[in-house]
């Protein structure tokens with residue numbers, strides 16, 4: 001196909017200059033941005049963040065060039081990009097697009113680059129905001145701290161809870177905290193039957209580091225032993241009777257890990273975006289904790305894992321939580337996600353007669369893909385699996401309404417099994 005001239009230098013410069021989000025993301029950038037199509041180049045020059053139409057030249061200082069075929073560009077710039085064509089990171093990883101320029105500069109201004117991409121897409125209808133709460137309204141969850149012992153250290157763990165009935169522990173994603181689950185707390189169809197408990201891992205959210213060890217002198221890493229110990233110890237400390245566990249991403253892997261190693265503790269697990277193994281190399285992810293790259297990089301990177309159809313206000317909220325996190329936490333959690341977790345040889349030993357296993361996978365998740373979820377389901381006899389269409393890596397926070405359509409049937413199954 002021939003690239004559309006609507007993706008021109010003039011359009012790119014005009015849209016970026018007029019957009020507040022782009023101007024903020026591109027602040028201090030001196031150099032330029034080039035989109036290299038098969039037949040022409042759309043480009044802007046930047047001087048301390050100010051935009052001008054014109055090609056700064058490939059290879060010039062501070063210039064980022066993205067090159068792909070017209071076919072790839074057309075899918076990336078569609079109003080609703082196909083699965084895995086919604087972000088340049090996915091395309092670069094799949095070698096469908098090439099990036100030329102300094103890698104640190106690319107990471108520093110990745111939020112601006114992706115916003116420029118979005119500004120070339122056709123406009124779509126904006127999802128209406130949810131009804132505004134009345135002044136003085138209290139949301140449902142109540143927060144508390146509890147002290148638990150992990151590896152001989154006193155950890156002051158923060159958790160929020162609401163609802164009554166079957167206890168349901170909620171584990172957040174890597175580098176995040178329990179606020180991701182806030183929408184479930186307001187769903188009476190859940191809280192009338194389940195006691196929701198969303199906790200923050202140590203070093204995350206309001207769970208501060210333990211007093212005593214010089215944790216600041218060592219690189220933070222979440223290991224399998226610690227990841228499993230937190231919900232198991234928390235369940236015992238709170239006196240929970242055969243609770244259900246639900247986690248997403250790192251928590252989704254942990255759900256299956258707990259089913260394998262602690263079927264005596266949990267009656268059921270719900271794995272969101274889980275799999276038996278996540279391929280990756282931590283040494284290639286240094287931009288996630290680099291002294292010259294801010295948390296804005298990882299925040300915007302999370303948008304690549306979300307569905308482009310998820311409401312923008314919820315996608316931005318999901319990303320903001322990542323921007324607010326302790327910088328080493330995300331990369332440190334990925335040690336468990338990528339390096340320390342592997343159930344490929346163990347999954348066959350999970351006994352779903354002791355602990356029920358339910359797996360839900362988002363269509364647009366390029367990390368814990370639907371294919372990985374299906375493979376886990378195939379390996380765990382008696383498990384259930386469902387694909388969540390038009391949902392990505394963060395179903396509970398990026399599109400809670402759509403997520404409930406997939407979650408509630410699973411909870412109904414758990415209720416019936418428990419005789420509730």
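The values are calculated or read from the model by the stated rules, or taken from the named source; none is laboratory data. Remember, predicted model here, so these are calculated numbers, not experimental data. Glycine gets a Cβ as well: all are built from the backbone with ideal geometry, and neighbour counts include every protein chain shown.
Would you say residue 332 is assigned to a helix (DSSP H, G or I), modelled with pLDDT of 95 or more and under 30 Å from residue 21 (Cα atoms)? Yes. Regarding residue 346, is this residue modelled with pLDDT of 95 or more, over 25 Å from residue 416 (Cα atoms) and over 21 Å from the mean Cα position of the chain (by Cα)? Here the answer is yes, as residue 346 does meet what is asked.
Residues that are part of a helix (DSSP H, G or I), under 19 Å from residue 124 (Cβ atoms) and in contact with a helix residue (DSSP H, G or I) (Cβ under 8 Å, 6 or more places away or on another chain) within the range 301-316 comprise 303, 314, 315, listed in sequence order. Checking each residue in the range 274-284 for being crowded, with 16+ Cβ neighbours inside 10 Å and either touching a helix residue (DSSP H, G or I) at 6+ places or on another chain (Cβ under 6 Å) or not assigned by TED's automatic domain parsing to the domain that holds residue 175 (or both) picks out 274, 275, 276, 278.
Reported count of residues in the range 9-55, each being surrounded by 16 or more Cβ atoms within 10 Å (Cβ to Cβ), over 32 Å from the mean Cα position of the chain (by Cα) and within 22 Å of residue 78 (Cα to Cα), is 1. When the range 165-188 is filtered for residues that are touching a residue at least 24 places away in the same chain (Cβ under 8 Å), farther than 25 Å from residue 259 by Cβ and more than 20 Å from the chain's Cα centre (by Cα), only 186 remains. Of the listed requirements (1) touching a helix residue (DSSP H, G or I) at 6+ places or on another chain (Cβ under 9 Å); (2) outside the structural domain of residue 287 (by TED's automatic domain parsing); (3) surrounded by fewer than 12 Cβ atoms within 10 Å (Cβ to Cβ); (4) within 30 Å of residue 286 (Cα to Cα), residue 126 misses just one: (4).
Of the residues that sit in the range 228-256 and are out of contact with any strand residue (DSSP E or B) (no Cβ under 7 Å at 6 or more places or on another chain) and surrounded by 24 or more Cβ atoms within 10 Å (Cβ to Cβ), which one is nearest to residue 155 (Cα to Cα)? Only one residue tops the list, namely 250.
Among the residues of the range 303-328, the ones that are free of Cβ contacts under 8 Å to residues at least 60 places away in the same chain and over 21 Å from residue 369 (Cβ atoms) come to 5 in all. Residues in the range 366-400 that are surrounded by fewer than 16 Cβ atoms within 10 Å (Cβ to Cβ), out of contact with any helix residue (DSSP H, G or I) (no Cβ under 8 Å at 6 or more places or on another chain) and under 27 Å from residue 195 (Cα atoms): 1 in all. Kindly establish whether residue 221 is more than 25 Å from the chain's Cα centre (by Cα) and assigned to a loop (DSSP other than H, G, I, E, B). Here the answer is no, as residue 221 does not meet what is asked.
Taking residue 325 as the residue in question, decide whether it is touching a helix residue (DSSP H, G or I) at 6+ places or on another chain (Cβ under 9 Å) and modelled with pLDDT under 95. For residue 325, the condition - touching a helix residue (DSSP H, G or I) at 6+ places or on another chain (Cβ under 9 Å) and modelled with pLDDT under 95 - is met. For the range 354-374, the candidate set comprises residues that are more than 16 Å from residue 254 (Cα to Cα) and assigned to a helix (DSSP H, G or I); within that set, the residue that is nearest to the chain's Cα centre (by Cα) is 370.
Counting only helices (runs of 4 or more DSSP H) wholly contained in the range 1-85, the ones carrying 2 or more residues that are in contact (Cβ under 8 Å) with a residue 12 or more places away in the chain and farther than 26 Å from residue 323 by Cβ occupy 9-18, 70-76.
Here 242, 228, 260 are screened, and the one residue that is in a helix (DSSP H, G or I), farther than 19 Å from residue 178 by Cα and modelled with pLDDT of 95 or more is 260. The set of residues in the range 86-113 being assigned to a loop (DSSP other than H, G, I, E, B) and at negative phi consists of 86, 87, 94, 96, 97, 102, 109. Just so you know, in the range 114-144 the residues that are in contact (Cβ under 8 Å) with a residue 24 or more places away in the chain and not in a loop (DSSP other than H, G, I, E, B) include one that is nearest to residue 191 (Cα to Cα), and it is 143.
Examine the range 352-360 for a residue that is in contact with a helix residue (DSSP H, G or I) (Cβ under 8 Å, 6 or more places away or on another chain), assigned by TED's automatic domain parsing to the domain that holds residue 404 and within 30 Å of residue 129 (Cα to Cα), and state whether such a residue exists. Yes, the conditions are met somewhere in the range 352-360. When you scan the range 174-184, how many residues do you find that are over 13 Å from residue 401 (Cα atoms) and either in contact with a helix residue (DSSP H, G or I) (Cβ under 8 Å, 6 or more places away or on another chain) or not in a helix (DSSP H, G or I) (or both)? Within the range 174-184, residues that are over 13 Å from residue 401 (Cα atoms) and either in contact with a helix residue (DSSP H, G or I) (Cβ under 8 Å, 6 or more places away or on another chain) or not in a helix (DSSP H, G or I) (or both) number 6.
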